[in-house]
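Student: The following block contains the structure, expressed as structure tokens.
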Protein chains: 4
Amino acid sequence: MPQKTIYLASDNFAPAHPQIMQAISEANQGHAPAYGLDAWTEHAEQVIREAFKSTCEVLIVPTGTGANVLALNLACRRHESVICTDIAHMNYQESGAAESIVGCKLLTVPHKEGKASPEDILKKLKSERAFGRHSTSPGVLSITQPTEVGTLYTLDELKILSALCKKENLLLHMDGSRLYNAIVQLKTSFHEMTEALPLDLLSLGGTKNGLMGAEALLIFNPSLRWAAGHLQKQNLQLLSKMRYLSAQYIPFFEKDLWRTLAQQANQKAREIASIIEATPQLSLSYPVQSNQIFFTAPSAWIPLIREKIFCYPWNEEKNEIRFIASWDTSEKDVLQVGSLFTELSKA
Amino acid sequence: MPQKTIYLASDNFAPAHPQIMQAISEANQGHAPAYGLDAWTEHAEQVIREAFKSTCEVLIVPTGTGANVLALNLACRRHESVICTDIAHMNYQESGAAESIVGCKLLTVPHKEGKASPEDILKKLKSERAFGRHSTSPGVLSITQPTEVGTLYTLDELKILSALCKKENLLLHMDGSRLYNAIVQLKTSFHEMTEALPLDLLSLGGTKNGLMGAEALLIFNPSLRWAAGHLQKQNLQLLSKMRYLSAQYIPFFEKDLWRTLAQQANQKAREIASIIEATPQLSLSYPVQSNQIFFTAPSAWIPLIREKIFCYPWNEEKNEIRFIASWDTSEKDVLQVGSLFTELSKA
Amino acid sequence: MPQKTIYLASDNFAPAHPQIMQAISEANQGHAPAYGLDAWTEHAEQVIREAFKSTCEVLIVPTGTGANVLALNLACRRHESVICTDIAHMNYQESGAAESIVGCKLLTVPHKEGKASPEDILKKLKSERAFGRHSTSPGVLSITQPTEVGTLYTLDELKILSALCKKENLLLHMDGSRLYNAIVQLKTSFHEMTEALPLDLLSLGGTKNGLMGAEALLIFNPSLRWAAGHLQKQNLQLLSKMRYLSAQYIPFFEKDLWRTLAQQANQKAREIASIIEATPQLSLSYPVQSNQIFFTAPSAWIPLIREKIFCYPWNEEKNEIRFIASWDTSEKDVLQVGSLFTELSKA
Amino acid sequence: MPQKTIYLASDNFAPAHPQIMQAISEANQGHAPAYGLDAWTEHAEQVIREAFKSTCEVLIVPTGTGANVLALNLACRRHESVICTDIAHMNYQESGAAESIVGCKLLTVPHKEGKASPEDILKKLKSERAFGRHSTSPGVLSITQPTEVGTLYTLDELKILSALCKKENLLLHMDGSRLYNAIVQLKTSFHEMTEALPLDLLSLGGTKNGLMGAEALLIFNPSLRWAAGHLQKQNLQLLSKMRYLSAQYIPFFEKDLWRTLAQQANQKAREIASIIEATPQLSLSYPVQSNQIFFTAPSAWIPLIREKIFCYPWNEEKNEIRFIASWDTSEKDVLQVGSLFTELSKA
């Protein structure tokens, strides 16, 4: 990797928080039952349930794609399809795992600022259902919060989608790999954002908010628990030494570390967004509501930006770049971004 | 079924041609090896190869969806996806069979008069490939000829798509459930329309053009023959008493019955299209280039049309109706359609 | 195919009965709705339900492997496996369709004269369940009646298996591609043999007993009907011109043709078995209880038998041959078999 | 978990070695590219290749079941099956993942002291191939080294199997979750045990020999690399913060930690085996050649043993127990086992 001074490529690039490393070290004591029957896993499930004020089933897994596949395997019967946006991670960046492993069709609606609109969902339902047995039976709506472009569904928007699902006989799944950033921004609680909607299934992140590597599937709808344990194993998401994943969630929730880290990332994203807004040559693509920033720049700037800042182009045709702030994005990082854009503006 | 005087719902509703019934009767002689090792199957494969001037492998199967699934199972490796239009039969009206059985993602491009444009295909390739291993690897382009809205790719358009496939390392599959209607309309040959493009795989119809029930998969690309026999069985497309399917293709190709029947259907479709064009309140949705006709009508007319004519609405919001002429659509049928529209116009 | 005088290779080699051909011809009248919405399909479903004294759902399909796959797709959830014998058709001769399309593991028990014993089933259940989520959850017992070696489960044996299934929380599926031969032999009824056991799912034959080509899936357990229509299409078992399949079942059941044809085949099998029993050099491998005969012969006889009689070796190491009598196996066929064995005995 | 003094349940219960924890801590420095593009992953792949004296492709993954599924997805075409023993982990304890995700049938041969014999493999090949397209096409032989009962294939036995695979056109896969224990016992090298045989694919462990949690798939056969990157993602085996998995392998191979830890575990297993051999009431089920010990005991002893020692029954009907020694099994553990058995013997 070339040495750059500023890293805004992804919150997946960030290291684990020291308290997380400490928790892992402490879990490295003597023998413990494998495959999730250890005390750390029990404890982690408990703190997650408490945070969500829920009696949901919790499955701790190594990858977010795994959580999504597991969710769809539990939710979809063999003739059922899933509605999601065209830029949904499960549709666009999970290498066809849903189709390959679950065997379900993903029906896409065009995103509007990252979100699926009720109108588009209803339109898709209507056209897919028009052919009866000759097409699929939509069974799940999967949404991402925050969306893939960093925007947020408001609680009201979520309730409307949840009600639509109930009316249309769909299960509701949320891909929440950065859910923490949404919770702090909307000043709401895990419970309000999920089970209270109601929500059936949540892919909950962690890795992008300071964990070393742990995600979870939360099953709120009791009718979907039927075979969760079996499918976690069959879907390659059951680790033998599970304690090292589980231990990470303990301080994360017990000490509200998730909140501190998400707030830091969001705050730095807002500061960078302000710099972008103040730079006439740059233009934010979407409102910055979490820790992701999408903006367009003059094409001549792109290589200069990428020389100083480790980041990814999002849409090369539009000269669009994505910045992601992490829990450890520093004041100095922000200042350097500001200096760079000031300098480029003047040139 | 309510008794109506005119049937324009589907060429799948039409009976089998008497020569086809005769061929089936003649095949009902004594014992014959099962699973396609009989003399009729050998003969049918031979007449198909002769018609196509090809040494291709021929697999005779009971359903067109089966031919498509078999094609994709042979063509797609596990990480590969298929590009097709949003209204492709395999995407829209095959109940998710491709995703469920093959496990591949279908990447859709918006149809333009039923067709996939090279620009849209290239755009889709670019966006899908932008994420490398995180998205799928497009491996196949599947087109339908005639398209789902009855239009035709010209030979030049097909050659451009074939060249695009070669350049972009895609295999080319054609869903030709009504290929005969395209062949007679374009006054070309099977060979020019398929292997000469070149084409890798063809799902060839028959049932919609006067057979009792038989479809076929033609494998032009020798590298795709590897396991065709095994997969025909595994994909539930190998009949025990295959002779009764195979026998249908013998007079169909030996006596050029396919041509006569397709010409009749196309001719009647053109006559009906002329009536529609001459009716001011009606509007053809697409040029009528085969045996399918799509048109919009005043909403008040829809129930009156459907009372007299067995047909399907295509897009209820647009008041769009689909007529399909069959090999047995009669002069009287056309006259009655004319009378109905004249009457409705005057009312 | 070499011309031989006697055909005992398979009941799949036999032609369709003239009454079946007549029924197909009569169905070839005018237009009829596609995909099973025609009057013949409705009629066929009705005569099947009457024959079985059941309100079961009936799906008419082109292949027996298709009926089996459809059954397992309805019955198995994603973590569930199927218990069957090591020589079950679905395990041994369906090209891995169950694993490939349904994705379920088949757990095999060693057959005893073709049958699965309760003891072996319980033993397999115990060993598979011992590892909990690390192994599969057995969900279905699939048996074949008559078995793959022509023997029969008695009604008492079937009731014991059905009770075992209820106790062990398994669904019971019967592969009955030659069920008619069992019904006439056991002098019982369709109802007693199936729904009365009770049975959850039946793959019902037809093609091997004089039809041109039609099989069916009967769903007795109402909880399994959820998506039968969708899955019939998705599993490539829904024909467009369904009337030609359905029409075959009408005289078959209305005129008890199934019984006449199965009795003829069984009778001829018994006559041939008697000849074998009277030939000292030959030895029946299993009791002959339907239309299948398995026997061992001196190795020198094998080529001589196969020169005169079209038949298949079953186990080449054991010099075992399989004969199958069909509805049209003639008195002359039997006499010729007798002459051949007499001749070989004397040589 | 009840507090017991001795842990012989599984090497998956053991903690990570301090040097591994240290390596993980050192990897927690600043930002690093995600999804395996980091320096630690590059380094880990390099040390593994050096240890194996190979240019193989290395994919580091979170679970052994994942490595096996990935191997089969790369090796099996859609009509191909896998031969393994009846107690193979992939057949017996991976929750049907191979059938569900890869869709391939596992053809089992009865194990002989844990191993697949050439005779049984050839017999299975013959019977499966006898039915051509109606059965599957065996494509892979998968063996486990050490076996599931702790025994070892000798290098000569492995070479015979590799030659058989070449002759019979099978790919050879080795499930080596405890390969280190075999290497030290046979006093051979990684290279001799794998690529030199030759071997096509290796699922390489680590978690069971002192890592916190990391496994790998090694692809020796270049023709199988086609889509490894894509399938690692699609099969849910690509972690975002991969550096924490990869870092574990660096000291493991650079400092020969794997050897030290495997030798310790094997040594302690031998000592415990000696105690068992010296106890007249106990009987080893298999020669103890790695770190696993299977033995039968008087039924009255079983609860007494399990009260003191955390271990699993293997075959309850036979009163068979499994002990697994780990890298941290101590001299004190061994002495306590000795005391317990002495005490029980005298009682």
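Student: Tell me the residue from D:D256, D:D200 that is touching a Phe, Trp or Tyr at 6+ places or on another chain (Cβ under 9 Å), among the acidic types (D, E) and more than 14 Å from chain B (Cβ to nearest Cβ), please. Break it down stepwise before answering.
Tutor: Numbers: D:D256 fails: touching a Phe, Trp or Tyr at 6+ places or on another chain (Cβ under 9 Å).
The conditions single out D:D200.
Student: Residue by residue through the range B:299-347, note down the ones that are touching an Asp or Glu at 6+ places or on another chain (Cβ under 6 Å) and not in a strand (DSSP E or B).
Tutor: Scanning the range B:299-347 gives B:S326, B:V334.
Student: A further question follows. Condition test on D:P33, is it outside any helix (DSSP H, G or I), out of contact with any Asp or Glu (no Cβ under 9 Å at 6 or more places or on another chain) and either open to solvent by less than 10 Å² (accessible area, probe 1.4 Å) or of a type outside the set (K, R) (or both)?
Tutor: Values: outside any helix (DSSP H, G or I): yes; out of contact with any Asp or Glu (no Cβ under 9 Å at 6 or more places or on another chain): yes; either open to solvent by less than 10 Å² (accessible area, probe 1.4 Å) or of a type outside the set (K, R) (or both): yes.
Yes, satisfied.
Student: Let me ask another. Output the residues belonging to the range C:1-30 that are of a type in the set (S, T, N, Q), under 26 Å from C:Q232 (Cα atoms) and either more than 7 Å from chain B (Cβ to nearest Cβ) or surrounded by 14 or more Cβ atoms within 10 Å (Cβ to Cβ) (or both).
Tutor: Across the range C:1-30, the qualifying residues are C:N12, C:S25, C:N28.
Student: Looking at (1) open to solvent by less than 10 Å² (accessible area, probe 1.4 Å); (2) in a helix (DSSP H, G or I); (3) in contact with a Phe, Trp or Tyr (Cβ under 6 Å, 6 or more places away or on another chain), find the lone condition where C:I293 falls short.
Tutor: Against the list (1) open to solvent by less than 10 Å² (accessible area, probe 1.4 Å); (2) in a helix (DSSP H, G or I); (3) in contact with a Phe, Trp or Tyr (Cβ under 6 Å, 6 or more places away or on another chain), C:I293 comes up short only on (2).
Student: Could you grab me the full set of residues in the range A:36-48 that are open to solvent by 10 Å² or more (accessible area, probe 1.4 Å) and within 13 Å of chain D (Cβ to nearest Cβ)?
Tutor: A:G36, A:L37, A:A39, A:W40, A:E42, A:H43
One line per residue, one yes/no per condition, for (1) at pLDDT 95 or above; (2) in contact with a helix residue (DSSP H, G or I) (Cβ under 6 Å, 6 or more places away or on another chain); (3) surrounded by fewer than 21 Cβ atoms within 10 Å (Cβ to Cβ):
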| site | (1), (2), (3) |
| --- | --- |
| B:G229 | no, yes, yes |
| B:Q232 | yes, no, no |
| B:R243 | yes, yes, no |
| B:F252 | yes, yes, no |
| B:T260 | yes, no, yes |
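Student: Same structure again: Consider C:R77 carefully, then state whether it is open to solvent by 10 Å² or more (accessible area, probe 1.4 Å) and in contact (Cβ under 8 Å) with a residue 60 or more places away in the chain.
Tutor: Details: open to solvent by 10 Å² or more (accessible area, probe 1.4 Å): yes; in contact (Cβ under 8 Å) with a residue 60 or more places away in the chain: yes.
Criteria met by C:R77.
Student: Okay, next question. Given (1) within 14 Å of another protein chain (Cβ to nearest Cβ); (2) open to solvent by less than 10 Å² (accessible area, probe 1.4 Å); (3) in a helix (DSSP H, G or I), identify the lone condition not met by A:N181.
Tutor: Going through the list (1) within 14 Å of another protein chain (Cβ to nearest Cβ); (2) open to solvent by less than 10 Å² (accessible area, probe 1.4 Å); (3) in a helix (DSSP H, G or I), A:N181 breaks only (1).
Student: Condition first: on the phi < 0 side of the Ramachandran plot and more than 27 Å from the chain's Cα centre (by Cα). Now tell me which residues in the range A:10-36 satisfy that.
Tutor: Scanning the range A:10-36 gives A:E26, A:N28, A:Q29, A:H31, A:A32, A:P33, A:A34.
Student: Regarding C:I87, is this residue modelled with pLDDT of 95 or more and within 18 Å of the chain's Cα centre (by Cα)? Give the steps one after another, and end with the answer.
Tutor: Details: modelled with pLDDT of 95 or more: yes; within 18 Å of the chain's Cα centre (by Cα): yes.
Yes: the conditions hold for C:I87.
Student: Among the residues of the range A:216-232, is there at least one that is within 14 Å of chain C (Cβ to nearest Cβ), over 29 Å from A:K124 (Cβ atoms) and among the polar types (S, T, N, Q)?
Tutor: Applying the first criterion (within 14 Å of chain C (Cβ to nearest Cβ)) to the range A:216-232 yields A:223-232.
Checking the rest, the ones that are also over 29 Å from A:K124 (Cβ atoms) come to A:229-230, A:232.
When the remaining residues are screened for being among the polar types (S, T, N, Q), the result is A:232.
Scanning the range A:216-232, I find at least one residue that is within 14 Å of chain C (Cβ to nearest Cβ), over 29 Å from A:K124 (Cβ atoms) and among the polar types (S, T, N, Q), so the answer is yes.
Student: For B:I160, indicate whether it is more than 20 Å from B:A265 (Cα to Cα) and in contact (Cβ under 8 Å) with a residue 40 or more places away in the chain. Even if it seems obvious, please write down each step before you answer.
Tutor: Values: more than 20 Å from B:A265 (Cα to Cα): yes; in contact (Cβ under 8 Å) with a residue 40 or more places away in the chain: yes.
So B:I160 fits the description; yes.
Student: Also, I was wondering about something else. Confirm whether B:R133 is at the interface with another protein chain (Cβ under 8 Å from one of its Cβ atoms), of a type outside the set (G, A, S) and in contact with a helix residue (DSSP H, G or I) (Cβ under 6 Å, 6 or more places away or on another chain).
Tutor: The answer is yes for B:R133.
Student: Going through B:D256, B:D328 one at a time, which residue ends up being open to solvent by less than 50 Å² (accessible area, probe 1.4 Å) and among the charged types (D, E, K, R)? Break it down into steps so the answer makes sense when it comes.
Tutor: Details: B:D256 fails: open to solvent by less than 50 Å² (accessible area, probe 1.4 Å).
After ruling out the rest, the residue left standing is B:D328.
Student: Might you let me know whether the range B:123-130 holds any residue that is over 26 Å from D:W226 (Cα atoms), over 16 Å from the mean Cα position of the chain (by Cα) and part of a loop (DSSP other than H, G, I, E, B)?
Tutor: Step one: of the range B:123-130, the residues over 26 Å from D:W226 (Cα atoms) are none.
No, the range B:123-130 contains no residue that is over 26 Å from D:W226 (Cα atoms), over 16 Å from the mean Cα position of the chain (by Cα) and part of a loop (DSSP other than H, G, I, E, B).
Student: Further question on the same structure: Output yes when any residue across the range A:118-128 is touching a helix residue (DSSP H, G or I) at 6+ places or on another chain (Cβ under 8 Å) and among the hydroxyl-bearing types (S, T, Y), and no when none is.
Tutor: For the range A:118-128, residues touching a helix residue (DSSP H, G or I) at 6+ places or on another chain (Cβ under 8 Å) and among the hydroxyl-bearing types (S, T, Y): absent.
Student: Regarding the range A:251-273, can at least one residue be identified that is over 30 Å from A:E26 (Cβ atoms), without any contact (Cβ under 8 Å) to a residue 12 or more places away in the chain and over 19 Å from the mean Cα position of the chain (by Cα)? Quick ask: steps written out before the conclusion?
Tutor: At the first step, the residues of the range A:251-273 found to be over 30 Å from A:E26 (Cβ atoms) are A:269-273.
From the residues that got through so far, the ones that are without any contact (Cβ under 8 Å) to a residue 12 or more places away in the chain too are none.
There is no residue in the range A:251-273 that is over 30 Å from A:E26 (Cβ atoms), without any contact (Cβ under 8 Å) to a residue 12 or more places away in the chain and over 19 Å from the mean Cα position of the chain (by Cα).
Student: Please go through the range B:184-200 and give me each residue that is surrounded by fewer than 24 Cβ atoms within 10 Å (Cβ to Cβ) and assigned to a loop (DSSP other than H, G, I, E, B), ordered by number.
Tutor: B:K187, B:T188, B:S189, B:E195, B:A196, B:L197, B:P198
Student: If you don't mind, another one. Going through the range D:233-250 one residue at a time, which ones are of a type in the set (S, T, Y) and either within 21 Å of the chain's Cα centre (by Cα) or more than 13 Å from chain B (Cβ to nearest Cβ) (or both)?
Tutor: Narrowing the range D:233-250 to residues of a type in the set (S, T, Y): D:240, D:244, D:246, D:249.
Scanning the range D:233-250 gives D:Y244, D:S246, D:Y249.
Student: Condition first: of a type in the set (G, A, S), open to solvent by less than 10 Å² (accessible area, probe 1.4 Å), under 25 Å from B:E57 (Cβ atoms) and within 14 Å of chain A (Cβ to nearest Cβ). Can you find one or more residues in the range B:156-176 that meet it?
Tutor: Scanning the range B:156-176 turns up no residue that is of a type in the set (G, A, S), open to solvent by less than 10 Å² (accessible area, probe 1.4 Å), under 25 Å from B:E57 (Cβ atoms) and within 14 Å of chain A (Cβ to nearest Cβ).
Student: Here is a further query. I need the full set of residues from the range B:49-86 which are in contact with a Pro (Cβ under 6 Å, 6 or more places away or on another chain) and away from chain D (no Cβ under 14 Å), in order please. Outline the logic, then answer.
Tutor: Taking the range B:49-86 first, the residues in contact with a Pro (Cβ under 6 Å, 6 or more places away or on another chain) are B:62, B:81, B:83, B:86.
Passing the criteria: B:P62, B:I83, B:D86.
Student: Show the residue pairs that are 6+ apart or on different chains and have beta-carbon atoms under 6 Å apart, the first residue being within the range D:326-347 and within 14 Å of chain A (Cβ to nearest Cβ), the second being open to solvent by 10 Å² or more (accessible area, probe 1.4 Å).
Tutor: Partner pairs satisfying both residue conditions: D:W327/D:Q264; D:T329/D:K268.
Student: Could we say that C:S95 is surrounded by 22 or more Cβ atoms within 10 Å (Cβ to Cβ), among the polar types (S, T, N, Q) and within 14 Å of chain A (Cβ to nearest Cβ) here?
Tutor: On the way: surrounded by 22 or more Cβ atoms within 10 Å (Cβ to Cβ): yes; among the polar types (S, T, N, Q): yes; within 14 Å of chain A (Cβ to nearest Cβ): no.
Criteria not met by C:S95.
Student: When the residues of the range A:98-122 are narrowed to those that are part of a loop (DSSP other than H, G, I, E, B) and within 9 Å of another protein chain (Cβ to nearest Cβ), which ends up nearest to B:G103 (Cα to Cα)? Before you say what the answer is, go through the steps one by one.
Tutor: Our first condition is that a residue be part of a loop (DSSP other than H, G, I, E, B); within the range A:98-122, this holds for A:103-105, A:110-111, A:113-114, A:116-117.
Still in the list and also within 9 Å of another protein chain (Cβ to nearest Cβ): A:103-105.
Numbers: A:G103: 5, A:C104: 8, A:K105: 9 Å.
Taking the candidates together, the pick is A:G103.
The values are calculated or read from the model by the stated rules, or taken from the named source; none is laboratory data. Please read these numbers as outputs of a predicted model, since none were measured by experiment. Cβ atoms come from the backbone with ideal geometry, glycine included; neighbour counts cover every protein chain shown. Accessible surface areas use protein heavy atoms only, side chains included; no ligands, DNA or RNA. Shrake-Rupley method; radii C 1.70, N 1.55, O 1.52, S 1.80 Å.
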